[in-house]
Protein chains: 2
Amino acid sequence: MSILVVGSVAYDSIKTPFGAAERVLGGSATYFSVAASYFTRVGLVACVGNDFDAADVELFRSHGIDLKGLETHSGKTFFWQGEYGYDLNDARTLNTQLNVFADFSPRIPAAYQRMPYVFLGNIDPGLQRQVLSQMERPELVACDTMNYWIEGHFSSLQETLKQVDILIVNDAETRQLAQEPNLVKAARKIFTWGPRILVVKRGEYGVMMFHTNPAGALDVFAAPAYPLEDVFDPTGAGDSFAGGFMGFIAGSGRTDPEALRQAIIFGSVMASFNVEKFSLGRLRELTFTEITERFRQLQEMTRFEDFHPNAI
Amino acid sequence: MSILVVGSVAYDSIKTPFGAAERVLGGSATYFSVAASYFTRVGLVACVGNDFDAADVELFRSHGIDLKGLETHSGKTFFWQGEYGYDLNDARTLNTQLNVFADFSPRIPAAYQRMPYVFLGNIDPGLQRQVLSQMERPELVACDTMNYWIEGHFSSLQETLKQVDILIVNDAETRQLAQEPNLVKAARKIFTWGPRILVVKRGEYGVMMFHTNPAGALDVFAAPAYPLEDVFDPTGAGDSFAGGFMGFIAGSGRTDPEALRQAIIFGSVMASFNVEKFSLGRLRELTFTEITERFRQLQEMTRFEDFHPNAI
């Protein structure tokens, strides 16, 4: 199976307490598609400027990512400059230059229009709908968003959510979107708007997934983040998570509760690799054996035995 | 098996966004011992004033808690007044009156001195050692502490930690104690000071446990908090966690890695019940069936299937 992703491809300049990187490949669709490429065929929809480096095109190609939807426009590629302190959950934006991304109007190549899985990266909710209107009844649509769209484009976002199966956001975004501090209640509220699965990213604290099971009850799955001794650069962690999560769903062709749980773990694994180096440094060089090894470590790290009442 | 706990017994006045309670039973040793009483025999060492209510003594007795170590001094019981906003992780202290607790000098009744398990609540590290010096070689010593002792009594605390097997603290305390933002590195550092097991409480994000396995490698266990729709009052959650955790260890008489993991889950279960009502309102009325039911729910909430590489 295959997945379409729409989002940003960018150059980032990043400073963390552990080093700095100048004008390295980044962007939500970049992290997503390289992470997903370990599991499934990916069609990328994005735009870059004519400053975009051939070596970066080659990085996508070497991961089998289909670039028919990657448009090159006259001008510069989206540029983001940011900085992190020791609290790596908190990015400080120093400079944003939208450049060619300012006029991005996603056009879906004919070859992509029947892709069964769709991931709408964090862009204008109106553009997210523009993507969906060009697709032929995808099986599953997942979507990201952020505070900017929640605050300023709420009704447009709600319009998009009507067509979304899985919403993937962080905990602050969940609370802001639902206007509800309690995540369980927030999930119930968001489910009335369209999505039937809510994935809440909580950074170093891991991920929670909420969905309504066939019996109508709320099912909760909680997974920790993979504990690392050296987190180097958190940029792209959320998008790598989404890439691993949706990549596994598309690759396995399964959306049953068991597969969704495994997908969460693969997402966590991809995010954990991503933060070990700047840019795509770690994500680009992985083997599938490394990925499954970390999957098993997360399994070992979370399992516990049944309790038998005669034990005490 | 049985466990000795030393700590505070107090009256609390608490305000949360959901209500208020005046002069209700509280204190670290109170929450700990009632939570632990569902799993094991508990010997309580604390002091109260002569204003201490007979009904509160009866609450301890009705849970089979041994009160030979509960001294009544002339004066008033320790009083704490606090307030929480919608961020229930953040308590604001409005008033603290140590009262008789100011001169607390723990004396261990002869009948307690051979208790195999010991929990040193969050008191002066010097007093924690005073407790241990009166015990006859306990099998396992666990200890809590807080920023006040880390900042102002660091060398005394380190002296205590030499005799401690399990340190149970929250994530901010872990980082502050080890002077290290990364929890994995913090655990390794703390292990050089005495403890061989570190339990890091992370409030709504759950718990992480670190210990060195027989092969010398670092073992990590991560468990989520039980997700509640209505958190009423977080006071005592950490102590209820410790009570469930240590209570299960003492009750089962096991400290192998499998039992430690189950103990973490029972701790999480007791904390989750505790926050559902003010004071001991929920903790005092539990059935063991309710406890094991929530244990199973946490198991269901965290399990995921093995991955077979032919799945994608």
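Per-residue answers, yes or no, for (1) more than 19 Å from A:THR235 (Cβ to Cβ); (2) open to solvent by less than 10 Å² (accessible area, probe 1.4 Å); (3) not in a strand (DSSP E or B):
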| position | (1), (2), (3) |
| --- | --- |
| A:ALA20 | no, no, no |
| A:LEU44 | no, yes, no |
| A:VAL48 | no, yes, no |
| A:THR77 | no, yes, yes |
| A:THR96 | no, no, no |
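When residues in segment A:276-289 are screened for being within 12 Å of chain B (Cβ to nearest Cβ) and either touching a residue at least 12 places away in the same chain (Cβ under 8 Å) or among the aromatic types (Phe, Trp, Tyr) (or both), 1 of them pass.
For B:HIS308, the conditions (1) modelled with pLDDT of 95 or more; (2) open to solvent by 60 Å² or more (accessible area, probe 1.4 Å) all hold with the exception of (1).
The condition (being at negative phi, within 14 Å of chain B (Cβ to nearest Cβ) and of a type in the set (S, T, N, Q)) is satisfied by just one residue among A:SER37, A:SER8, A:SER62: A:SER37. Note on segment A:190-241: among residues that are out of contact with any His (no Cβ under 7 Å at 6 or more places or on another chain) and charged (D, E, K, R), the one that is modelled with the lowest pLDDT is A:ASP230. Scanning segment A:238-267 for residues that are within 21 Å of A:ARG296 (Cβ to Cβ) and away from chain B (no Cβ under 11 Å) turns up A:SER240, A:PHE241, A:GLY243, A:GLY244, A:PHE245, A:GLY267.
This table checks each residue for (1) within 14 Å of another protein chain (Cβ to nearest Cβ); (2) assigned to a helix (DSSP H, G or I).
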position	(1), (2)
B:LEU127	no, yes
B:LEU132	no, yes
B:GLU136	no, no
B:TRP149	no, yes
B:ARG188	yes, yes
B:PHE210	yes, no
B:PRO214	no, no
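Taking into account only those residues within segment B:175-201 that are in contact (Cβ under 8 Å) with a residue 12 or more places away in the chain and open to solvent by 20 Å² or more (accessible area, probe 1.4 Å), which is nearest to B:SER272 (Cα to Cα)? So, considering only residues that are in contact (Cβ under 8 Å) with a residue 12 or more places away in the chain and open to solvent by 20 Å² or more (accessible area, probe 1.4 Å), the one nearest to B:SER272 (Cα to Cα) is B:LYS201. Among the residues of segment A:140-174, those that are open to solvent by 60 Å² or more (accessible area, probe 1.4 Å) and either within 29 Å of A:ALA225 (Cβ to Cβ) or free of Cβ contacts under 8 Å to residues at least 12 places away in the same chain (or both) comprise A:MET146, A:ASN147, A:TYR148, A:GLU151, A:PHE154, A:SER155, A:ALA172. Being closer than 23 Å to A:THR40 by Cα, within 13 Å of chain B (Cβ to nearest Cβ) and either touching a residue at least 12 places away in the same chain (Cβ under 8 Å) or open to solvent by 10 Å² or more (accessible area, probe 1.4 Å) (or both) is a property that A:PHE295 has. Among the residues of segment A:26-42, the one identified as open to solvent by 10 Å² or more (accessible area, probe 1.4 Å) and assigned to a strand (DSSP E or B) is A:ARG41.
The values are calculated or read from the model by the stated rules, or taken from the named source; none is laboratory data. Keep in mind the model is a prediction, meaning the values are calculated, not measured. Neighbour counts run over all protein chains shown; Cβ positions are idealised from the backbone, glycine included. Just the protein is used for accessible areas: all its heavy atoms, side chains included, with ligands, DNA and RNA removed. Shrake-Rupley method; radii C 1.70, N 1.55, O 1.52, S 1.80 Å.
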